[in-house]
Amino acid sequence: MIPKSPTQSRCRTTELVLPNDTNVLGNLMGGRLLYLMDICAAIAAQRHSNSTVVTAGVDNVDFQSAIKLGEVVILESVVNRAFTTSMETEINVWAEDTTTAKRRTCNRAFYTFVAVDQNGSPVPVPPIQPETDEQRERFEGAAQRRELRLILSGRLRLDGARHLHDHLAAVTGA
Ligand SMILES: CC(C)(COP(=O)(O)OP(=O)(O)OC[C@H]1O[C@@H](n2cnc3c(N)ncnc32)[C@H](O)[C@@H]1OP(=O)(O)O)[C@@H](O)C(=O)NCCC(=O)NCCS
């Protein structure tokens, strides 16, 4: 399959926080934000794979700053790395106060999507070809994060985590 750069499938979406999206404190509800993140991340994965995708897992969801009623939510997703049928998609979220034009970082997470056919069976996806230093860094990190999440979900044994072992050896010099 022909490799694609992360730039080709990147997705940026913008939403306005309305009363129906908020809790009693007037903040965007976590579940609503996760929904927006899932959609934005899935679009990048679908663009990369040109397939239907399903969410296999979500990790590192980190609510750093509440998003207020009336603020604009900016979401950007990028496929860091594609494996055989799965893809790690990173999503970053910012809030913008349009009265001051100030933006702040609110959230980051990693979504794993699997490309599937009409029967829901996994299908192969094209590899990622990183082009910038930032893309290369995310590409390298994705292999280690994948091993970590597969260990945590009981799908991989620690002694099979080659990328994690190589990384630890490089860091510790062992
Ligand atoms: C995700 C799903 C397709 C995996 O099916 P499966 O029969 O376990 O398939 P496989 O074991 O062949 O794994 C397929 C890929 O998923 C990855 N995967 C499976 N579970 C995972 C998890 N918890 N975290 C990360 N990756 C996972 C595997 O590593 C593999 O990746 P690779 O092909 O790139 O190596 C299946 O479990 C499923 O359909 N789950 C429900 C998805 C869903 O309903 N999501 C919410 C709505 S979209």
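The values are calculated or read from the model by the stated rules, or taken from the named source; none is laboratory data. In this text the structure is predicted, and so the values were computed from the model without any measurement. Using ideal geometry, Cβ is built from the backbone for each residue, glycine included, and neighbour counts are taken over all protein chains shown.
Being outside any helix (DSSP H, G or I) and modelled with pLDDT under 95 narrows it down to one residue among A109, A169, A174; which is it? First the steps, then the outcome.
Working: A109 fails: modelled with pLDDT under 95; A169 fails: outside any helix (DSSP H, G or I).
None of the other options fit; the residue is A174.
Return the residues of the stretch 53-85 that are free of Cβ contacts under 8 Å to residues at least 60 places away in the same chain, surrounded by 15 or more Cβ atoms within 10 Å (Cβ to Cβ) and not in a strand (DSSP E or B); say none if nothing qualifies.
If the condition is that a residue be free of Cβ contacts under 8 Å to residues at least 60 places away in the same chain, surrounded by 15 or more Cβ atoms within 10 Å (Cβ to Cβ) and not in a strand (DSSP E or B), then V61, F63, A66, I67, L69, E71, T85 are the ones that fit.
Restricting the stretch 30-52 to residues that are under 12 Å from E88 (Cα atoms) and hydrophobic (A, V, I, L, M, F, W, C), which is nearest to the chain's Cα centre (by Cα)?
Per the stated criteria, the residue is A41.
Quick one: which of P126, P130 is assigned to a loop (DSSP other than H, G, I, E, B), in contact with a strand residue (DSSP E or B) (Cβ under 6 Å, 6 or more places away or on another chain) and either modelled with pLDDT under 95 or more than 8 Å from the ligand (Cβ to nearest atom) (or both)?
Working: P130 fails: in contact with a strand residue (DSSP E or B) (Cβ under 6 Å, 6 or more places away or on another chain).
That would be P126, the only listed residue that is assigned to a loop (DSSP other than H, G, I, E, B), in contact with a strand residue (DSSP E or B) (Cβ under 6 Å, 6 or more places away or on another chain) and either modelled with pLDDT under 95 or more than 8 Å from the ligand (Cβ to nearest atom) (or both).
Taking only the stretch 17-52 into account, find how many residues are part of a strand (DSSP E or B) and either within 13 Å of the ligand (Cβ to nearest atom) or free of Cβ contacts under 8 Å to residues at least 24 places away in the same chain (or both).
1
Scan (1) within 16 Å of the ligand (Cβ to nearest atom); (2) at pLDDT below 95; (3) of a type outside the set (A, V, I, L, M) for the single condition F63 breaks and write down its number.
With (1) within 16 Å of the ligand (Cβ to nearest atom); (2) at pLDDT below 95; (3) of a type outside the set (A, V, I, L, M) applied to F63, the lone miss is (1).
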